[in-house]
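> I have a structure here, written as structure tokens, and I will follow up with some questions on it.
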Amino acid sequence: MSYGPSFARAPLSGPEQDVLEDTKLNLPDSLRDLMACKNCRKMRPPPENGRDGQCSCGSDDFTKDFEGYMMITNPEKSYFAKSQGIREPGCYAVRVNGGNE
């Protein structure tokens, strides 16, 4: 019995696979401890010993107080990325609430 459309996606091939392989997303291993940059909303794990505490935008101001997240794989072709000023692929918070944690 089916309750709606299946959201399973077939494996990528051809040009889609090439774009995915060429895009360096640096995806997080886990979403549990992610923090969002207050300046550009790019998400990352908390800095650890020996790791840089700065975001790629140059800010070092992060928060765990954010709502939702989105993956941007091709900002040049994404209307949403352009409207939000996102220029590089990655994982971004939809909204940063600004609390310090």
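The values are calculated or read from the model by the stated rules, or taken from the named source; none is laboratory data. Remember, predicted model here, so these are calculated numbers, not experimental data. Heads up, the Cβs are rebuilt from the backbone with ideal geometry, glycines too, and the neighbour counts pull from every protein chain shown.
> Considering every residue within region 79-87, establish whether at least one is surrounded by fewer than 16 Cβ atoms within 10 Å (Cβ to Cβ), modelled with pLDDT under 85 and more than 14 Å from the chain's Cα centre (by Cα).
So far as region 79-87 goes, no, none of its residues is surrounded by fewer than 16 Cβ atoms within 10 Å (Cβ to Cβ), modelled with pLDDT under 85 and more than 14 Å from the chain's Cα centre (by Cα).
> Please specify each residue of region 74-101 satisfying the condition of being in contact with a strand residue (DSSP E or B) (Cβ under 9 Å, 6 or more places away or on another chain) and more than 14 Å from Cys40 (Cβ to Cβ).
If the condition is that a residue be in contact with a strand residue (DSSP E or B) (Cβ under 9 Å, 6 or more places away or on another chain) and more than 14 Å from Cys40 (Cβ to Cβ), then Ser78, Phe80, Asn97, Gly99, Asn100, Glu101 are the ones that fit.
> Let me ask something else about it. Are there any pairs with C-beta distances below 6 angstrom linking a residue in region 67-94 that is within 19 Å of Met35 (Cα to Cα) and without any contact (Cβ under 8 Å) to a residue 40 or more places away in the chain to a residue that is assigned to a helix (DSSP H, G or I) and of a type in the set (A, V, I, L, M, F, W, C), with the two at least 6 apart or on different chains, and if so which?
Listed pairs, sorted by first residue: Ile72/Ala81.
> Something else now. What pairs come out if I take residues in region 43-60 that are assigned to a loop (DSSP other than H, G, I, E, B) and among the acidic types (Asp, Glu) and pair them with residues that are at pLDDT 70 or above and surrounded by 13 or more Cβ atoms within 10 Å (Cβ to Cβ) whose C-beta lies under 6 Å away, six or more apart or interchain?
Asp60/Gln54
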